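Down below is the structure, laid out as structure tokens.
The values are calculated or read from the model by the stated rules, or taken from the named source; none is laboratory data. None of these values were measured; they are calculated from a predicted model. All Cβ positions, even for glycine, are placed from backbone atoms using ideal geometry, and neighbour counts span all protein chains on display.
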């Protein structure tokens with residue numbers, strides 16, 4: 001029995017724990033500007049689980065906390081400091097390695113700026129995957145099929161396999177459009193989209209990898 005030869009993974013809150021990294025960064029931000037702990041709730045709300053564009057996020061922080069420093073400076077500091085707070089769980093790394101040892105090409109497909117690469121470096125994922133496709137670099141954004149096609153091209157395999165991610169719209173819709181089987185990282189949530197659903201729902205990367213292996 002042979003497995004599919006391609007497995008694509010989202011980055012934030014899929015391979016890497018974005019919630020944890022953002023909490024660390026938020027705590028440092030609160031300390032740096034002398035804010036009280038109630039500020040954490042405001043920061044979390046403005047962040048929108050990472051969905052808010054960073055320019056809008058920092059413009060909101062400036063208004064909420066009467067910060068005089070400009071958005072451009074805040075953004076520069078954020079991109080310098082934030083990636084360092086990312087790490088990969090040993091269990092996740094072991095699962096990814098097991099796929100590659102089974103001749104499955106593993107790719108990262110992530111929406112975001114070029115600084116996404118800094119997260120991959122900080123987490124020690126460089127050399128652990130076969131392709132990294134970042135939307136701002138590739139020029140295509142999930143759920144567009146083009147970014148999945150580029151990942152397969154870099155991996156030098158057909159676009160046939162799996163997409164694993166936590167976003168219903170970007171990862172599951174995008175994966176389905178690309179003809180991939182889909183695995184949704186639930187993160188304690190209930191699937192809410194009508195009319196379609198992922199092929200599988202999991203809580204961890206090892207669970208997702210087990211499904212990929214068993215479905216081979």
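Among the residues examined, residue 133 does not qualify as more than 17 Å from the chain's Cα centre (by Cα) and either at pLDDT 95 or above or buried (at least 17 other Cβ atoms within 10 Å of the Cβ) (or both). Scanning segment 144-164 for residues being surrounded by fewer than 21 Cβ atoms within 10 Å (Cβ to Cβ) and part of a loop (DSSP other than H, G, I, E, B) gives a total of 6.
From the list 193, 115, the one residue that fits, being modelled with pLDDT under 95 and more than 26 Å from residue 86 (Cα to Cα), is 193. Scanning segment 173-185 for residues that are in contact with a strand residue (DSSP E or B) (Cβ under 7 Å, 6 or more places away or on another chain), part of a strand (DSSP E or B) and either over 18 Å from residue 208 (Cβ atoms) or not assigned by TED's automatic domain parsing to the domain that holds residue 202 (or both) turns up nothing.
Under the condition of being over 13 Å from residue 99 (Cβ atoms) and at pLDDT 95 or above, which residue from segment 196-206 is surrounded by the fewest Cβ atoms within 10 Å (Cβ to Cβ)? Across segment 196-206, the extreme among qualifying residues is 203.
For residue 102, are the conditions met, namely being under 16 Å from residue 14 (Cβ atoms) and surrounded by fewer than 18 Cβ atoms within 10 Å (Cβ to Cβ)? So residue 102 fails the test. Looking at segment 118-133 only, could you name the residues that are without any contact (Cβ under 8 Å) to a residue 40 or more places away in the chain and within 14 Å of residue 17 (Cα to Cα)? Within segment 118-133, 122, 124 meet the criteria.
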